[in-house]
Every structure is written in C-alpha cells, then in structure tokens.
Amino acid sequence: MRARVRQKAERDRPRTAVGGRVRRRDSVEKLTGEVRYSSDLEVDDMLYAAVCRSNVPHGTLHSVDLDDARSYPGVAKAVGRSDLLGPFDDRVRHYGDVIAAVAADDAASAAAAVRAIDYDIEPLDAVHDLEKATVTDAPLVHGNNPKFSQPIRHDLANEHPRHSRNVDDYHRREVGDVQAGFAAADVIHEDTYLSPRVNHCNLETHNCIAEWEGDTLIVTETIGNVTHAEHQLGGWIGEENDIEIRMPPAAGSSFGGRSLAKLSLEPVAGTLARETGRPVKLWFDRGEEFTAADSRHVTRYLIRAGITSDGQLMALDLDVVTDTGPYPNGVGHIVLSNSRDRPLELYKLDNFRFEGVSVFTNNTPAGEYRGIGVTQLTWALESHLDELARKAGLDPVDLRERNLVETGYERPVDGRPIESCGVRECLERGLDRFEAVKRGHPNHEGSLRGWGMAAGVHTTGAGAAGNTDSSEARISLRPDGSVRVATAAVEMGQGSSTVLAQIVAQEVGLPVERIRVDRFRRDEGLSDPYGSVASRSTYIIGAAVQDAAQRLAATLRAQVTDELGVAEETIEIEQGVASGSGVSIDIEDVVNEEIHVRGRAETAVSPPSYGVHIAEVEVDPSTGQVDLVTYVAAQDIGFAVNPSMVEAQLEGAVLHGIEFALNSELRLSDGFPENANLADYPAISPWEMPDTLVCELIEAHEPSGPYGAKGVGTPAMPPIAPAIHNALRDATGHRFTNAPVGAETIYRALQTGGGREGVV
Amino acid sequence: MSGGPASEVTYERPRTIDEAVSLLERHGPDAKLLAGGQSLMLLLRQGLVDANVLIDVSQIDALRGTNRRKGEYTIGAATTYRELIEDSIATDYRVLEDAIADIGDRQVRNLGTVGGALAHADPSLDLPPALLVLDAQVEIAGTDGKRSVALESFFEGYMSTMLERDELLVAVTVPEPFDGVRVGSAYRKLSSVKGGWATVGVAAAVQLSTDGSVFEGIQLALAAVGETTVRARAVEDSLIGEPTDDESIADAAGMVIEDIDPIDDLSGSATYKQDMATTLVMRTVDGAVEGIMGDA
C-alpha cells in the first residue's frame, strides 16, 4: 500500500483545517429548511405508488384481483406480485410482504386503489422462533443458501447437523484448544443472551423515484453502498437491465438503513415505471418502514467463558443464532462474521470456538444497522465477562485490563499485528474522567445507584487479508480559487462532506469555505467498491482525497514558482495566499485555467477502533425505572479530523445504544407486529439521554489512515448497551440477559429478591 | 380476503357550532369530528376507524380559548394542550400543568385539543383524569340544544362517551379555587419513554385543613387502568379526615386495587400496573400536599 506514515514534524504541524472544530458545511441549509431530501423530490409526469402488503406472515398467494384498483380514478397501472420485476414467487413470507402495487396520479388515489385490491392467501405454517427454525420439521421459508441476488454470498461449508433447514449462512471457527482451555480454567460461566429487534427510526422513511432510459433503470434515492445495491438490483430485475442509482441533493439519515436496496422498494417502483413509461415515486409510510424495511437482527448468544482465579481468560465458546428474516440480503453473514472475529481483536484469546448460523424466518426483515452483529455480540460478551468477573470475585475492570489486546498484538483473525490500539488508554482516561464527573450518590432517597463499564471494538473499512479496499477522488481548482471535490462518499448526515473539505483545505492551504464536496455521482467514474459504509469515509475515501489534494498542492506550488520566480521549497500556501522569499500572491492570481487532479488510496488492512464506555445509573426500586445519570464515552478514533463531529457521532451512538439496552424493540407476536408505529414503538428523545455525557477522545494514530484517523460511526456503538447493563447489574444485583430491559422487568427482579446480595 | 372498499373522504370545515351540529345530523354515523387530529389520524391510518366525512371543528371560534367568569373556568373544546398549559388555569391547578407537560411531544401539544382528548375517551390519555379530579363539567351541543353533565358520567366505556351522533362537545368547565381553601393538585405518570403512553397515570386534587394536617377533601383519578378513566373512591374515602402524614397516605394508597381493573398490554402487565397504581397514588397525593405546603 501507499506509505502514509507521517513524519513526526509533519504530524505536529499546527492543526488548522484538519483537527479543528469546523462547522458542518450543510448546517445552515439544514437549519433553514432549504435542503431538499429525496422525499421532497418531484419530477415531471411523475406517478405515485402504493403497495398492497400481506397481513399474514406466511402464505400462498392464490389470486390477486386488480379490477377494482385498475378502474379507480387516477390509477395508471396496477400490478400483482407475479408481474413484479424481481424474485417474487407465489408465496408471501412476512407480514408486509408484497401482494400487489398501484401507480396513480396522486398518492391518495394510489393508497385508495390499493385498498380496493382483492386477494386470496392461504396461510401456511410459519417459522418465528430462532431455535426451531433449523430443525428438520420446521416449515420451509427457503431452501438452504438459496440463489438470490445478494452482495455477499459464499458457499456453505461444515454445515452442522442440528441446522438442517432455513439456513441463510453458517460459520465456524476454532483457535487453539477450547477443551483444554476450559480444563485449565478455575471459574467458568455460561449464559444465554437475546438481543432486540431495534429499528433505526430514521426520520425520513425509505423512498425512491424510479424511471427508465432504454434498458437502464434509474433510481433516485440515498444509498450508502451503491456498488452492492446495484448488484442486488441487477440480480433482482434481470441482468439484461442496467441499474443507475442517483443521489438526491440531501439524505435523511441511514445508520445502515440506507446501505442496501429493499426488496419491496426499488423493484416495485421500477416495475410500475416500466409498465407506465413514467417516473414513479414510492415512499414508505412508518408502518412499512417497520415491516418492509429492515430492523436489527435478533440474535441469540450462548456464551461459555473460563478464567483462572487471577483473571486470565482461558477459553471462550460462542454459539450464535441470528434471525435474518424472510429473504437473504448478505447481512446475516456480517452478523456472524463480526460476532466471530471481534472477540479476537478485543481480547487475547488463545482458545476460542465459534459456531454461528443465520436463519430464515417469517419475521419482518433484518438488515444493516450501525454495528451489524458487533453491537449484539459486544453487549452479550461484555455482559458475560462482567458477570464472570463478579462470579470469580474479581474487579470487572481488572479482568479487562488483564486480557485486552495492545498495539503490536498479532490477531488470530489475520495474523497481522494491530498497528494502533488505544483501548488501554480509553480505559485509563475513561475511568479518570468518570471519577471526575460521576454523581456518586443517589439523586433520590431510596434509589439504587450503580456503575459499569464495557469495552468494544470494530474495524474501519473493508480491507482484510486477501481483500484490498480502495477509493479514488478528483479535485478541480478553478481560476477563481474555488475547489470542487468528487468522491465516492455519500453524505448521509455523518459529515463526510465537511471532513473531506477539511482535508483538502489542510493539504492545499485554502480556507475550508472555498471547498465544495459534490454529492456522489456514479458518472464521475471513480473506482470505489463500497461507498459510505463500514465507517470508511474518512479513513479510505479521506486518504484518496488527501492524495489528490497533495497532488494539487504540488501542481499549485509549481505554478507559484513560475509566477513569483522563487524556489519551490520556500513556498507556503495558507488561507489561499502563497508566499515565499518575502513575496506573496493570492492563488486565484496564479491559476489561469482549471486544474484537475486525481487521487487514489488503497489499503489491505481494516484497523480496529476501540472504545471503553462507562455508565452510571440510578434505579427507582418502586417502579423499576432507570435514570442514566452519567456517561463517559472514551473512544480511540486514531485522529479526530473534526472533534465536534466525532463527539456528535458518539452522542448519536449513545442514543441508539440506550434504545437497545433499555427501551426499544419492534414487538412481533408470531410474526405480527404489535407496535409498528411511533406512538407505540418507544423511540427515545433527549429526555432519556444521560444527564451528564462526556466524550473522551483518544488519538492512537493509525499509520494507515489519513493523519492517523480511523472510523468512529460504527465503533462507537458496541460498548454502549453492555456498559448500561453492567451498571444496572451493579445497581440492582441482577444480570439482565434479554434486551431491552424495561422498568417492569427490573421491578420484578427486585421484587423477587437477590437484590444487592449478588454484588461482589 | 380484502382490504375493504375504497372510500372518498369528504372534508367539512364549519364555522359555527350550529353548522357543525347540522353536519353531524346530516351525515350520521359516516362522520367523524376532527380538531387537532392527534388521536383520530392515527386510528384512520391504522384502519381502525373508517370515516367518509371529516368535520373539522378547529376553526369554530366559539370552541376556542378559555375564560374565567362567575367562579368558574370555561375551556373551549378546541383549545389546544399548549394553549391550556399557558393559561392561568394551569397555574391555579398544577395537575393540568403536570399532565399536559407529559403528553407526547411539542408537536402533539400544539395540535391536540382538550375536547379531542375527552371525546376520544381513551383511558390511557393524561388530560381526562386531571380534569376529573377538578370536578369538571362538560357542555354538549346537539340538535336538541345544549346540556351540561359531570365529566365522570360522560365516559361510558372504552373509547365511548354519552355523546349522541348529532352532538359535539363544546366546552369544559372547572370551578375556580375557593378563596381561603387550601387546594393542591398534581399528576404523576409512568411511561416507557417521556411523553409516551401512560403505563399508569394518577391525578390528585386535595383540600386540607387550615393547618395542613388533615385531608378535608380529596379527588383521585387514574389513567390506563380500566375501561375508562376511573375515580379512586376507595382511596378517597379512606383518606377523608385522615392526617396528611406518609403513613396514612401509604395505608390508603393500597386501596386503589379496589378502584381499578388494568389489563396486560404493551405498556405492562396487569399486576405491574396494580403495583404502580399504588406507588403513584402515594407519590401524587404527596405531590399535591407538597404543592400546598410549599405555597404556605
């Protein structure tokens, strides 16, 4: 890979554009409401679509009668499931699956026409329970590893005899000798954890506009992973068609929800657009968002861990089952691989065994959500180790300290050393900070107070042994001194446009206000395999931008040399002014015609980013209600290109983590949603955020990242829910192994005894 | 299987109470009254309610705002939560301020109305118990003219009131606090998230002896623990004439089990709600008493 290890002197350069708290480039237009999201978009001659959806979780669709819908005023087209472009057979596999769709002149007519559709479904036995999904007599959702267009697919190997049906994916891994490890352990603890079906609750629900140009389906919507989504869609609607995804001016948030295409979004809008020859807009309502878009994978972890009496981790055994829902999308694989590999990047584990299966069910779809799999895994693992430490009479902090990895540790994942590992510094500085800011005593008489911590790790980007991650960028400097930057990043609110502008400003020596990062355009032809996913925007796209910006700076310097006649090495460009040997000139007086440069970066590693989070809770024993009093998020981000935005990423993650730990889940009863609306689904607000929330940024400097930067968006997620649950354990004496844990569960636990006696 | 017949919805926006009444009479059971839409729109969207005619009463001037006259407050039915919490009545009666502050979010409070909350008669709503403990009366207008009934008898069952098809709720009246009587009130609510549906909600209004040591009067009402908003008469009866100390309040609070009939639902199990009702009755009565003593 291109060497990007900075010299020390260069690293210590004053942080101007990079490292500064630069205001988001889009903050004013967002605050003033000028921004146009994809849901705001309308194009000429556009039709509005609505979808008739299944109200049973599994059934055979015998017939669809579209006559009344077709004759409804304003309806341009009505199509049944079998007419849709895509892998739609005569079976519906989840509540909310597609039965038929309508395109009409306005949204109300489309919705009304959908209500006029008559259909005949014969309900089938359904699979809802994770443990029963793979047994030999389970109803079949799909054959094992079905042919179905998805971005990540590999052949199943070593299939376990216990998992004979409905297998989406299967992974197994063994390091060392687990039996021997347990034999040498003094204390062994085993428990089962079940994670919640949490929804992103993005403010803007999924929507797109589909239109055709010849054999090309053009879809206008925000997609984080354009390459994978185009692959999915191409497979769904037929390889003879081309797919082009166009970005709207601004995106509603994603948190993984907009990484991939959705089976009942683009193919449905695309079919109606083709049938009518007109652009078609499909916009999910909140109910569809819950039942036809994705939620986090419900995942069951059976964990067994053993330590010596002084706290050395001797063996860890993980048995994982994850619910990928009714259709394969490649994400079950990621839940498993992250559950499999991350423990080995957090702890020195000589003896490790993993077995995991992703199963099909007739529950609502699961998909990408911030920290896929690693969020669930870390909650379970860090809860488990905390409990194990208490069981062994050890301080949970000491147990972590004893076993955490460090810089230079060669991970069994790929045998390569970790180049930057700030986890111990996170622990140390996090605890110091917590001591300084914690409440320490109850706010209310009779309340139970406790604190807990958890560590977590997630990798940055998609590089790995055998997989090179790369990106390209293009920069244009105009004669007026303004700069346009084209990259593979998709701005979804994470702030990539601002960070990438900062990098250009830093390298070229321009005011950040002059730099505009264009929204992603596929026709720029920039080579990049993934886009804005996996916390890779700053790391690898930023590195490509840095490379291009350095080339631009070199070109500019040469032109300044020609103009001023001073030695190139004496030239400094700052704030758009070039100076050297006592003379200076505005760069717009140097640039006579537009300068174009291209940059590229690649990496074969995916550096791990670490966090140690500490929570303090207060529990009202008379109601079971939890107040999150203090929270410290100590996070190793390598280098903070923009500390304010890093803090915002951490704060946002804390909100998602609290929902996972305490509040939110889409409840299904035999596949039927019980709270698929925002009145009943308890999404949290700033009221539920910690009273005191402190971010402690640790910069462990990753040699492969621009300025030492690593990812933050995803790695911020994993430690949150376990830190809160470990604090609850400390406060109540009870270990909660199902999330979210609500007030009633806590109240009952306290009523039934145990209480603080269990606390060591 | 069918999603049901498609329907065109007619939207009416009367300017007077008489117009609204005649629209109700004309359209009968096909019509639904709409003010802020904070309950109705959710039901319509979920397909739980079907309406061919929506009669929007939010523009009827006579239904809006509050006034204070002849010893009572009159609150127009189309007064929004926000207007009510900013009114002097919410200063006189903390129970209203407490209850409204915990309803939904700012958007809901800007649109949701007093009349909507009462006519919807969802026992989980927060405002009805708050008005119940203030001995509110409701004013009803219909084809046969106006009538006034006690709020308590207005609620007949789950989401059901004594309103006839051709009637609408016009106003709520609440007596002003009497001079010289020590009155305190409070609302306490338990919910999974701030502003969410009540798991249990308790409203209390208390009248104390001059020295604040004895309950001379007490009204208690609960949300989310029965078919309707319920009065907790067993607790009230056992507290009248009793001292205002913690022990008396705790003893009486347990009586609430006799007043309520909660069910298992998304917000909690029936047994949890029973326990929470007891706890919240204690806390709410404490809050109402403290309101007085704090003023002293």
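The values are calculated or read from the model by the stated rules, or taken from the named source; none is laboratory data. Because the structure is predicted, anything quoted here is derived from the model rather than measured. In this analysis, Cβ positions are derived from the backbone assuming ideal geometry, glycine residues included, and neighbour counts consider all displayed protein chains. SASA here: full protein model, heavy atoms, side chains in, ligands and nucleic acids out. Shrake-Rupley method; radii C 1.70, N 1.55, O 1.52, S 1.80 Å.
Numbers at a glance
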quantity: Estimated dipole of the stretch A:375-520 in Debye, rounded to 20 [Cβ of Lys and Arg +1, of Asp and Glu -1, Cα centre]; calculated: 360 debye
quantity: Shielding by other protein chains, A:622-629, mean Cβ within 10 Å; calculated: 3
quantity: Residue mean of other protein chain beta carbons inside 10 Å, B:192-203; calculated: 4
quantity: Accessible area of the protein assembly as shown belonging to carbon and sulfur atoms, whole % at 1.4 Å probe; calculated: 45 percent
quantity: Average accessible area per residue (Å²) across the stretch B:133-226 - probe 1.4 Å, nucleic acids and ligands excluded; calculated: 38 Å²
quantity: Extension gain, residue A:598 back to residue A:566 (0.36 nm per residue minus Cα-Cα distance, nm); calculated: 8.9 nm
quantity: Mean-position separation - Cα centroids, the stretch A:208-229 and the stretch A:593-671, in angstrom; calculated: 30 Å
quantity: Rounded FRET efficiency, nearest 0.05, which uses the C-beta distance separating residue A:120 from residue A:675 and R0 of 30 Å; calculated: 0.55
quantity: Extension gain from residue A:23 to residue A:478, taking 0.36 nm per residue of separation minus the Cα-Cα distance; calculated: 161.4 nm
quantity: Threshold 20 Å², the stretch A:682-705 residues less accessible with all protein chains present than alone (1.4 Å probe); calculated: A:682, A:687, A:688
quantity: Chain-alone versus full-assembly comparison, the stretch A:731-750, residues with accessible loss of at least 30 Å² (1.4 Å probe); calculated: A:744, A:747, A:748
quantity: Residues losing 50 Å² or more accessible surface upon assembly, the stretch B:253-281, compared with the chain by itself, 1.4 Å; calculated: B:266, B:272
quantity: Accessible surface, chain A, averaged per residue in Å² (probe 1.4 Å); calculated: 35 Å²
quantity: Pairs beyond 31 Å (Cα-Cα), from A:30/B:189; A:132/B:273; A:710/B:194; A:391/A:438; A:348/A:391; A:132/A:262; calculated: A:30/B:189; A:132/B:273; A:710/B:194
quantity: Shape call, chain A: gyration tensor on alpha carbons, a/c limit 1.5; calculated: oblate
quantity: Ranked order, B:246, A:90, A:341 - accessible area, probe 1.4 Å, largest first; calculated: B:246, A:90, A:341
quantity: Antiparallel DSSP beta bridges within chain A, as percent of all bridges there, nearest 5; calculated: 80 percent
quantity: 9 Å beta-carbon shell around residue A:483, net charge (K/R +1, D/E -1); calculated: +4
quantity: Trypsin sites (Lys or Arg not before Pro) within the stretch A:278-353, DSSP loop, no more than 16 other Cβ atoms inside 10 Å; calculated: A:348
quantity: Area buried, chain B against chain A - accessible surface, total, 1.4 angstrom probe, square angstrom; calculated: 2300 Å²
quantity: Peptide A:658-668, shielding by other chains (average Cβ, 10 Å cutoff); calculated: 1
quantity: FRET efficiency estimate (nearest 0.05) - Cβ-Cβ, residue B:10 to residue A:55, R0 35 angstrom; calculated: 0.80
quantity: Under the span-like rule (Cα at least 20 Å along the axis, Kyte-Doolittle mean at least 0.0), DSSP H helices of chain B; calculated: B:270-295
